[in-house]
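The values are calculated or read from the model by the stated rules, or taken from the named source; none is laboratory data. Because the structure is a prediction, the values reported are computed rather than measured. No Cβ is skipped: glycine too gets one built from the backbone with ideal geometry, and neighbour counts run over all protein chains shown. With ligands, DNA and RNA removed, areas are computed over all heavy atoms of the protein, side chains included. Shrake-Rupley method; radii C 1.70, N 1.55, O 1.52, S 1.80 Å.
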Amino acid sequence: MKIFELNGVLRPSLTKASVKSLRKNGQVPCVLYGNKQENIHFSVSARELKDLIFTPQVYIVSIIVGGKKHLAILHEGQYHPMTDEVLHLDFLAADEAHPVSIAIPIAIEGVSEGVKSGGKLIINTRKIQVKGLIKDLPDTLPVNIGELKLGKNIVAGDLEYPKIQVVTSKSTIVCTVKMTRAALGAAAAAAAAGK
């Protein structure tokens, strides 16, 4: 999995006034917690965050703050409801020696038999939660739909990947091939011709 580098500055004050001042100066307040370490409050430039936030890609984040490097996962973000401006970010500390849980985007592979028969592919889930060591985490999770027939679906429980465990509920529908009017018409015509 790709690493995204982020340079942070320790926050000496956690007051509302200091947070307001940070945002006014193009900085985003952040916190790094977990992994049995003390919480680290820091800020980063809003410009540095664009390639981390506004992308379908998922990264392990390498945060350099106070002269130390910390591996982390972007856990949660708060955004302005009107402008989508990043207001606050929470990072969860990660460790290369211990498994981490992270949502990774899926990558559809192949052409479904159901689509060839006139069905429509519906992608219900764009990311799957998995658990594994950082070194084993892929950038995307391939989902082969070649044998997916009309009216059938692929659920998270159908997916298996080497060295990582799928954590998303097994019953979560990843994708399905829905019957379309064209497919229904073709099926009815084929049935009528067979009589």
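Listing for the model above:
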{"item": "First in the stretch 55-77 and on the phi < 0 side of the Ramachandran plot and free of Cβ contacts under 8 Å to residues at least 12 places away in the same chain, second anywhere and surrounded by 11 or more Cβ atoms within 10 Å (Cβ to Cβ) and outside any strand (DSSP E or B), Cβ under 8 Å, 6 or more apart", "result": "none"}
{"item": "Test set (1) at pLDDT below 90; (2) farther than 30 Å from residue 181 by Cβ - residue 71 fails condition number", "result": "(1)"}
{"item": "Filtered residues of the stretch 153-195 (kept if open to solvent by 40 Å² or more (accessible area, probe 1.4 Å), modelled with pLDDT of 95 or more and either of a type in the set (A, V, I, L, M, F, W, C) or more than 14 Å from residue 130 (Cα to Cα) (or both))", "result": "153, 167, 171, 173"}
{"item": "Given (1) open to solvent by 50 Å² or more (accessible area, probe 1.4 Å); (2) touching a residue at least 60 places away in the same chain (Cβ under 8 Å); (3) in a strand (DSSP E or B); (4) of a type outside the set (Val, Ile, Thr), number of the condition residue 87 does not satisfy", "result": "(1)"}
{"item": "Criterion violated by residue 110 - all others in (1) under 23 Å from residue 51 (Cβ atoms); (2) among the small types (Gly, Ala, Ser); (3) out of contact with any Phe, Trp or Tyr (no Cβ under 7 Å at 6 or more places or on another chain) satisfied", "result": "(1)"}
{"item": "Failed criterion for residue 131 (all others in (1) basic (Lys, Arg); (2) outside any strand (DSSP E or B); (3) touching a strand residue (DSSP E or B) at 6+ places or on another chain (Cβ under 7 Å); (4) closer than 30 Å to residue 43 by Cα hold)", "result": "(2)"}
{"item": "Residue that is farthest from residue 70 (Cα to Cα) [pool: residues in the stretch 92-117 that are open to solvent by less than 30 Å² (accessible area, probe 1.4 Å) and in a loop (DSSP other than H, G, I, E, B)]", "result": "112"}
{"item": "Qualifying position, being open to solvent by 30 Å² or more (accessible area, probe 1.4 Å), in contact with a Gly (Cβ under 9 Å, 6 or more places away or on another chain) and hydrophobic (A, V, I, L, M, F, W, C), among 46, 72", "result": "46"}
{"item": "Pairs, first small (Gly, Ala, Ser) in the stretch 155-173, second open to solvent by 60 Å² or more (accessible area, probe 1.4 Å) and not in a strand (DSSP E or B), C-beta under 6 Å, six or more apart", "result": "156/170; 157/170"}
{"item": "Residues being over 24 Å from residue 73 (Cβ atoms) and either at pLDDT 95 or above or assigned to a loop (DSSP other than H, G, I, E, B) (or both) - total across the stretch 1-25", "result": "4"}
{"item": "Pair list, Cβ < 7 Å and 6+ apart or interchain, from the stretch 30-50 residues that are in a helix (DSSP H, G or I) to residues that are crowded, with 17+ Cβ neighbours inside 10 Å", "result": "46/27; 46/28; 46/86; 48/6; 49/28; 49/86"}
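Per-residue answers, yes or no, for (1) aromatic (Phe, Trp, Tyr); (2) farther than 23 Å from residue 137 by Cα; (3) touching a strand residue (DSSP E or B) at 6+ places or on another chain (Cβ under 8 Å):
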{"site": "36", "(1), (2), (3)": "no, no, no"}
{"site": "55", "(1), (2), (3)": "no, no, no"}
{"site": "62", "(1), (2), (3)": "no, no, yes"}
{"site": "81", "(1), (2), (3)": "no, yes, no"}
{"site": "88", "(1), (2), (3)": "no, yes, yes"}
{"site": "91", "(1), (2), (3)": "yes, no, yes"}
{"site": "94", "(1), (2), (3)": "no, no, yes"}
{"site": "117", "(1), (2), (3)": "no, yes, no"}
